[in-house]
């Protein structure tokens, strides 16, 4: 395949990602943390000791969250199977590079580790992400959980019903009880609610699924992004680290079309590279060796573009990708309002779901990084749009509302990936620079009527 010079758009896109502040960069051999897209392992975004104090006299009375499941194995072995077919063929013909000789055994080892825990299931790292997040929640709100225990207030745990979300909910609840054993009898039996936490696949997501399957503008846009010359250039770079140039040319010439194209093969390498960090408790794989930082960044951009258009802000003239998340935002308000009204004795509401729900909710709520849709004429690029899967919905991403009370006044503080976060533009905090908002003000700002 011919070498293609990087386009100006590619250069801008890569410079935007590679200019990520050092604090946000992974210690993975110069690869920016964003290069793992939504498979990025979780890290809390604020130190426990730096949260604002609640205004004088206000005490926490309720907390609620929604969390993506923790880091997991890949959902299938398709990527490993595809690239191993090509690797086995090249190995039999002596068409591997020196570095490529080690690639096949690494992929087989990673695949075996994923099969051992089960495709799509939580990895050891994923379990720790969830448990540690629960422990930090209890540490942030010790007074709340002490009062929950003293007043015997129930803690509700609900998930999408998918295995990794169910497991995440159970692990989170167990970690809370480990931190404060008095909470254990108050944690209700975990329940499932797909309409609330798997809405993209439930009845409420019917129009959305039709959009994904049949919208021609979406299909054309994603095809145009993927089929840029830069994609074939990056694919060639990746494959030549594993296979000889002659073998890569044969892949590009469609000799192995029954297995996959050059782009499909390189994407399989990228997908394995990006899932490997989530499996760090199960083994140490050096798949970063096969992607230069700029190539990892490019494939991350392709992954982010798909998520941006299919789950996130998308096109400026349509809300089809995120309107269905209203059921989840509505539940946040209902739980807080019920606490204020005295019609609920819940101490905490804990929800566990997936990126397909976190991303549209972040867009609906206009959380940082999710405020800028695009037009057909100006498509999504890293150069001019801040949306990144790694920060919007990494593994174990979470949104939390803490409710504080003083007399008849109720305030809400929001945490996004454990960082104190302002509500959307137009919502006025109790004082300038405060992260606390009157619940009445949030109802006004989001166009709700108090229950």
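The values are calculated or read from the model by the stated rules, or taken from the named source; none is laboratory data. These figures come from a predicted structure and were not determined experimentally. Note that we place each Cβ from the backbone using ideal geometry, even for glycine, and neighbour counts take in every protein chain shown.
The table that follows gives values for the structure above.
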{"read-out": "Considering residues of region 83-101 that are surrounded by 19 or more Cβ atoms within 10 Å (Cβ to Cβ) and out of contact with any strand residue (DSSP E or B) (no Cβ under 7 Å at 6 or more places or on another chain) only, the residue farthest from residue 248 (Cα to Cα)", "value": "84"}
{"read-out": "Enumeration of residues in region 227-275 that are more than 17 Å from residue 291 (Cβ to Cβ) and within 23 Å of the chain's Cα centre (by Cα)", "value": "none"}
{"read-out": "Conditions (1) in contact (Cβ under 8 Å) with a residue 40 or more places away in the chain; (2) in a loop (DSSP other than H, G, I, E, B): number failed by residue 344", "value": "(1)"}
{"read-out": "Within region 34-145, helices (runs of 4 or more DSSP H) holding 1 or more residues that are over 27 Å from residue 241 (Cβ atoms)", "value": "100-117, 124-140"}
{"read-out": "Exclusive hit being in contact with a strand residue (DSSP E or B) (Cβ under 7 Å, 6 or more places away or on another chain), at positive phi, in the same structural domain as residue 350 (by TED's automatic domain parsing) and not in a strand (DSSP E or B), set 161, 169", "value": "161"}
{"read-out": "Candidates 247, 299, 308 - the one that is touching a residue at least 60 places away in the same chain (Cβ under 8 Å) and either more than 22 Å from residue 74 (Cα to Cα) or in contact with a strand residue (DSSP E or B) (Cβ under 7 Å, 6 or more places away or on another chain) (or both)", "value": "247"}
{"read-out": "Counted residues, region 102-117 - those being surrounded by 21 or more Cβ atoms within 10 Å (Cβ to Cβ) and either in the same structural domain as residue 175 (by TED's automatic domain parsing) or closer than 23 Å to residue 164 by Cβ (or both)", "value": "3"}
{"read-out": "One residue from 208, 198 being at pLDDT 95 or above and in contact with a helix residue (DSSP H, G or I) (Cβ under 6 Å, 6 or more places away or on another chain)", "value": "208"}
{"read-out": "Candidate set: region 183-241, residues that are in contact with a strand residue (DSSP E or B) (Cβ under 6 Å, 6 or more places away or on another chain) and assigned to a loop (DSSP other than H, G, I, E, B); chosen: the one farthest from residue 166 (Cα to Cα)", "value": "188"}
{"read-out": "Criterion violated by residue 376 - all others in (1) at pLDDT 95 or above; (2) in a loop (DSSP other than H, G, I, E, B); (3) touching a strand residue (DSSP E or B) at 6+ places or on another chain (Cβ under 9 Å) satisfied", "value": "(1)"}
{"read-out": "Neighbours by Cβ (under 8 Å, 6+ apart or cross-chain): first from region 355-382, on the phi > 0 side of the Ramachandran plot; second in a loop (DSSP other than H, G, I, E, B) and crowded, with 17+ Cβ neighbours inside 10 Å", "value": "369/387; 369/388"}
{"read-out": "Some residue of region 234-252 being within 28 Å of residue 315 (Cβ to Cβ) and surrounded by 17 or more Cβ atoms within 10 Å (Cβ to Cβ)", "value": "yes"}
{"read-out": "Selection status of residue 316, crowded, with 24+ Cβ neighbours inside 10 Å, farther than 28 Å from residue 413 by Cα and in contact (Cβ under 8 Å) with a residue 40 or more places away in the chain", "value": "no"}
{"read-out": "Strands (runs of 3 or more DSSP E) lying entirely in region 386-451 (those with 2 or more residues that are over 15 Å from the mean Cα position of the chain (by Cα) and within 20 Å of residue 352 (Cα to Cα))", "value": "398-406, 409-416"}
{"read-out": "Failed item in (1) assigned by TED's automatic domain parsing to the domain that holds residue 172; (2) crowded, with 17+ Cβ neighbours inside 10 Å, with residue 231 passing the rest", "value": "(1)"}
{"read-out": "Qualifying residue in region 323-341 (condition: touching a helix residue (DSSP H, G or I) at 6+ places or on another chain (Cβ under 9 Å), more than 25 Å from residue 175 (Cα to Cα), in a loop (DSSP other than H, G, I, E, B) and assigned by TED's automatic domain parsing to the domain that holds residue 410)", "value": "no"}
{"read-out": "Residue match in region 37-50 (condition: outside the structural domain of residue 96 (by TED's automatic domain parsing), more than 29 Å from residue 284 (Cα to Cα) and modelled with pLDDT of 95 or more)", "value": "yes"}
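Every residue, every condition in (1) surrounded by fewer than 22 Cβ atoms within 10 Å (Cβ to Cβ); (2) without any contact (Cβ under 8 Å) to a residue 40 or more places away in the chain; (3) in contact with a helix residue (DSSP H, G or I) (Cβ under 6 Å, 6 or more places away or on another chain), yes or no:
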residue	(1), (2), (3)
119	yes, no, no
160	no, no, yes
181	yes, yes, no
194	yes, yes, no
